[in-house]
Amino acid sequence: FYAYALGETSSEVANSQSEMLDFLVGKGFPVARERTVVTSWQALEAFHRHVSDIRETLPFEIDGVVYKVDDYALQSALGFVSREPRWACAHKYPPQEAMTVLEDIEVQVGRTGKLTPVARLKPVFVGGVTVSNATLHNEDFVREIGLKIGDTVVVRRAGDVIPEIVRVIENMRPDSARDFVMPATCPVCGSATFRDEEEKDTRCTGGLFCPAQRAGALTHFASRLAMNIDGMGDKVVAALIDAKLVSTPADFYRLTREDFERLEHFAQKSAQNMVDAIQKSKATTLSRFIYALGIRHVGEATARDLATHFGDLEPLRNATVEDLMRVPDIGEVSAASITSFFAESHNASVIDALIYLGVHWEKVERQEGSLTGKTFVLTGTLANFSREEMKAKLLAKGAKVAGSVSRKTDFVIAGTDAGSKLAKAQELGVPVIGEDEALDMLNN
């Protein structure tokens with residue numbers, strides 16, 4: 001611990017930063033000795049160099065020097081900008097660097113399915129710590145810096161925290177150096193991988209099956225806007241995974257009351273309530289089921305568009321990229337993500353199991369009427385319906401419901417306490433209607 005400032009005091013103890021630090025020393029507090037009061041920028045620069053020279057001998061880690069206006073009255077006059085004082089600034093040192101050898105590149109799979117190459121380095125001491133791993137971000141980064149396994153590289157800690165490879169020493173490259181190739185299958189579950197050209201990442205397509213993505217996939221599947229399994233939050237999902245009771249969404253529908261009673265905080269009644277909620281979720285809608293699958297680039301609105309366009313799951317599962325790009329607002333990246341997801345056999349097995357276990361929906365009939373092709377936005381509190389209920393009514397009449405107002409919006413339905421969406425509609429000249437007018441449009 002090193003004291004550097006005072007909180008509230010019963011009386012004034014100093015008129016400047018330096019006086020305050022001296023006061024703390026006099027009271028027995030440990031205070032950094034490397035401090036001085038100067039009167040020119042040249043002296044600041046000299047102090048910065050001095051601390052750099054003794055940096056390795058300090059009993060604590062630093063990444064720079066802080067300059068402060070000494071006089072408290074001047075500090076008060078200068079004040080703050082946002083949350084930063086105008087009377088203080090940091091003068092950082094360049095990150096410390098060291099050379100080492102890249103012994104291998106391994107691939108980690110994150111909870112969203114992203115494959116990240118990780119450098120396994122010959123351990124080297126950098127910035128006060130021993131570094132043996134460094135992230136390589138993605139395949140493009142490896143190519144951009146010309147990195148091969150076996151290379152000698154320069155390593156530093158970004159912000160003196162995160163290890164990173166700065167550059168390759170090509171003239172030290174051994175004859176045995178080899179290229180890195182991103183795997184065509186997931187190293188965790190064996191599912192096929194695909195490259196997301198929009199984000200320049202490689203991802204595992206086995207979202208319903210991959211253990212690395214398990215917690216996120218299961219929690220999303222059960223969420224309110226997806227299968228809406230009441231009470232199945234992230235803590236319950238984590239407990240089920242830890243107890244090895246679930247590994248894919250289909251396992252939810254195999255759970256019994258006795259399974260839940262094995263978990264902490266579940267008694268007979270609460271366990272039965274969970275089983276009942278799971279059984280109730282079997283009757284769903286096609287759009288909810290598509291959204292629950294967790295396909296990358298398929299949010300709630302896109303799932304609804306896919307359900308409306310294809311009408312049932314089987315035509316969607318067999319759709320080509322060209323078929324998908326005929327759906328409004330679906331581009332090549334989203335279409336490729338969808339086809340990759342359904343082409344993965346692990347996902348297909350889970351979907352088949354869900355249907356076998358009783359998950360079902362009604363076929364979507366294309367709705368044609370006065371609201372077909374119209375886009376609505378809901379804002380504020382409605383008198384007689386929740387926004388979800390009004391949204392369902394609009395969708396049933398063929399309308400599209402968006403989450404934000406744009407020039408493509410046809411109507412904004414405003415309730416009480418409407419906020420920024422109402423202001424945006426007025427700014428763009430989008431017609432604003434009330435609940436009664438909306439009901440008239442629905443009934444006609």
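The values are calculated or read from the model by the stated rules, or taken from the named source; none is laboratory data. This structure is a prediction, so every number in the text was calculated from the model and none was measured. Backbone-built Cβ (ideal geometry, glycine too); neighbour counts: all protein chains shown.
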Any idea how many residues of region 8-33 are surrounded by 13 or more Cβ atoms within 10 Å (Cβ to Cβ) and not in a helix (DSSP H, G or I)?
-> 6
Determine which member of the set Met232, Met172 is at pLDDT 95 or above and surrounded by fewer than 14 Cβ atoms within 10 Å (Cβ to Cβ).
-> Met172
On the given criteria, is Ala399 at pLDDT below 90 and touching a Lys or Arg at 6+ places or on another chain (Cβ under 7 Å)?
-> yes
Touching a residue at least 40 places away in the same chain (Cβ under 8 Å), under 22 Å from Phe209 (Cα atoms), part of a helix (DSSP H, G or I) and not hydroxyl-bearing (Ser, Thr, Tyr): does that describe Arg288?
-> yes
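Matching residues to (1) out of contact with any helix residue (DSSP H, G or I) (no Cβ under 6 Å at 6 or more places or on another chain); (2) part of a helix (DSSP H, G or I); (3) buried (at least 17 other Cβ atoms within 10 Å of the Cβ); (4) hydroxyl-bearing (Ser, Thr, Tyr):
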{"position": "Gly373", "(1), (2), (3), (4)": "yes, no, no, no"}
{"position": "Asn384", "(1), (2), (3), (4)": "yes, no, no, no"}
{"position": "Lys408", "(1), (2), (3), (4)": "yes, no, no, no"}
{"position": "Ile413", "(1), (2), (3), (4)": "no, no, yes, no"}
{"position": "Ala418", "(1), (2), (3), (4)": "yes, no, yes, no"}
{"position": "Ala438", "(1), (2), (3), (4)": "yes, yes, yes, no"}
{"position": "Met441", "(1), (2), (3), (4)": "yes, yes, yes, no"}
Where residues in region 38-96 are in a strand (DSSP E or B) and among the small types (Gly, Ala, Ser), which of them is surrounded by the fewest Cβ atoms within 10 Å (Cβ to Cβ)?
-> Ala90
Output the residue which, of all residues in region 343-360 that are surrounded by 18 or more Cβ atoms within 10 Å (Cβ to Cβ) and of a type outside the set (Asp, Glu), is farthest from Ala396 (Cα to Cα).
-> His346
Those residues of region 135-180 which are small (Gly, Ala, Ser) and touching a Lys or Arg at 6+ places or on another chain (Cβ under 6 Å), in sequence order = Ala177
Which of the residues that make up region 179-223 are charged (D, E, K, R), over 19 Å from Thr248 (Cβ atoms) and not in a loop (DSSP other than H, G, I, E, B)?
-> Arg195, Asp196, Asp201
